[in-house]
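Trainee: One structure, pasted below without further comment.
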Ligand code: C2E
Ligand code: MG
Ligand code: MG
Ligand code: MG
């Protein structure tokens, strides 16, 4: 009997493995044509200035709806886009669409409105990245201040020289350089020393527990005080409750985004988004 069980376990295991492999293959196959079939779109999540409760910017987040697969989450398709090199074209699409929106919102909403774009490690390895960003800005007559670039630690892991000089080029143009998912990596502190960041985005896995877990609260409070002494702005991701917001404000957090304010929205709905008063 135990033999049979073992065989069954193995059987289920290989079945599950085959399913994963097949899923991965069909996602990759469909992703190759996603751009040309116009299946990608952007949503924008409002970023709120905690001093005055105003929406000052928005993070652009990629969405993919495929007729065969349905909606596929970025957590699933971005890594595949990275591995296959598709991320370069997709990243350029995100930049162009996001800046197009920024240009509109700077006219319609607020002349200082900015958009934030996630840039992945693979894009960073492209020596043409700075040129792509320059053209995307200048063709819309936008200054660097209209853009924030979010990078994760993994961007900085490999070619330290290349990444540092690209970040310096961004900074020279007035582009805000943000470290995304701060606190989840292994070497955040040493990167803060070596790279010219402007903003820390505290990962939502910490923010989610600050009112329940005293350790998470202490980590976030320590990050806020560290950031202040390094003259960095802090943005808290994933703010979902009033209690989290109150704690963050009490400790001097500058900016926030999260479901408490709004989910990521299509640009058309963003225009309707009401500014919310902070108590
Ligand atoms: P991220 O850059 O850390 O983006 C924030 C994620 O948190 C988004 O997930 C957003 O929808 C989600 N979020 C925002 N507020 C809340 C909240 O209050 N609660 C919870 N539970 N979640 C919240 P999304 O859109 O699924 O994106 C996941 C990740 O995929 C992003 O994490 C980013 O790393 C990557 N990604 C998305 N769009 C792009 C893109 O255009 N380029 C690249 N390279 N990566 C992207
Ligand atoms: Mg991000
Ligand atoms: Mg990110
Ligand atoms: Mg993040």
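The values are calculated or read from the model by the stated rules, or taken from the named source; none is laboratory data. Bear in mind that the values here come from a model prediction, so they are computed numbers and not experimental data. Glycine also receives a Cβ, built like all others from the backbone with ideal geometry; neighbour counts cover every protein chain displayed.
Trainee: Looking only at the range 29-78, which residues are within 15 Å of ligand 2 (Cβ to nearest atom) and exposed (fewer than 13 other Cβ atoms within 10 Å of the Cβ)?
Mentor: The answer is 73, 75.
Trainee: Moving to a separate point now. Which of the residues that make up the range 137-157 are within 16 Å of ligand 1 (Cβ to nearest atom), out of contact with any helix residue (DSSP H, G or I) (no Cβ under 9 Å at 6 or more places or on another chain) and over 19 Å from residue 81 (Cβ atoms)? Don't jump to the end; show me each part of the working.
Mentor: Start the filter on the range 137-157 by keeping residues that are within 16 Å of ligand 1 (Cβ to nearest atom), which leaves 147-157.
Keeping just the survivors that are out of contact with any helix residue (DSSP H, G or I) (no Cβ under 9 Å at 6 or more places or on another chain) gives 148, 150.
148 - this is the single residue of the range 137-157 that is within 16 Å of ligand 1 (Cβ to nearest atom), out of contact with any helix residue (DSSP H, G or I) (no Cβ under 9 Å at 6 or more places or on another chain) and over 19 Å from residue 81 (Cβ atoms).
Trainee: Could you give every pair whose Cβ atoms fall below 7 Å, whose first residue belongs to the range 174-189 and is under 18 Å from residue 61 (Cβ atoms), and whose second residue is at pLDDT 95 or above and not in a strand (DSSP E or B), counting only separations of at least 6 or pairs across chains?
Mentor: Qualifying pairs under 7 Å: 176/198; 178/198.
Trainee: If you scan the range 122-134, which residues turn out to be in contact with a strand residue (DSSP E or B) (Cβ under 8 Å, 6 or more places away or on another chain) and within 16 Å of ligand 3 (Cβ to nearest atom)? Full working, then the answer.
Mentor: From the range 122-134, those in contact with a strand residue (DSSP E or B) (Cβ under 8 Å, 6 or more places away or on another chain) are 124, 133; that's our starting set.
Matches in the range 122-134: 124 only.
Trainee: Out of 238, 258, 185, I need the residue that is within 16 Å of ligand 4 (Cβ to nearest atom), under 19 Å from the mean Cα position of the chain (by Cα) and modelled with pLDDT under 90. Which one? Before the answer, list the steps.
Mentor: Numbers: 238 fails: modelled with pLDDT under 90; 258 fails: modelled with pLDDT under 90.
Residue meeting the stated conditions: 185.
For (1) under 21 Å from residue 153 (Cβ atoms); (2) at pLDDT 95 or above; (3) out of contact with any helix residue (DSSP H, G or I) (no Cβ under 8 Å at 6 or more places or on another chain), each residue gets a yes or a no:
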residue: 65; (1), (2), (3): no, yes, yes
residue: 75; (1), (2), (3): yes, yes, yes
residue: 81; (1), (2), (3): yes, yes, no
residue: 89; (1), (2), (3): no, yes, yes
residue: 92; (1), (2), (3): no, yes, no
residue: 107; (1), (2), (3): no, yes, yes
residue: 119; (1), (2), (3): yes, yes, no
residue: 135; (1), (2), (3): no, yes, yes
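Trainee: Name every residue in the range 121-133 that is surrounded by 14 or more Cβ atoms within 10 Å (Cβ to Cβ) and out of contact with any helix residue (DSSP H, G or I) (no Cβ under 9 Å at 6 or more places or on another chain), in order of residue number. It would help to see each step written out before you state the result.
Mentor: So in the range 121-133, the residues surrounded by 14 or more Cβ atoms within 10 Å (Cβ to Cβ) come out as 121-126, 129-130, 132-133.
Hits for the range 121-133: nothing passes.
Trainee: Is one or more of the residues making up the range 158-166 closer than 18 Å to residue 200 by Cβ and within 16 Å of ligand 1 (Cβ to nearest atom)? Break it down into steps so the answer makes sense when it comes.
Mentor: We begin by selecting, within the range 158-166, every residue closer than 18 Å to residue 200 by Cβ; these are 163-164.
Filter again for within 16 Å of ligand 1 (Cβ to nearest atom), leaving 163.
Among the residues of the range 158-166, at least one is closer than 18 Å to residue 200 by Cβ and within 16 Å of ligand 1 (Cβ to nearest atom), which makes the answer yes.
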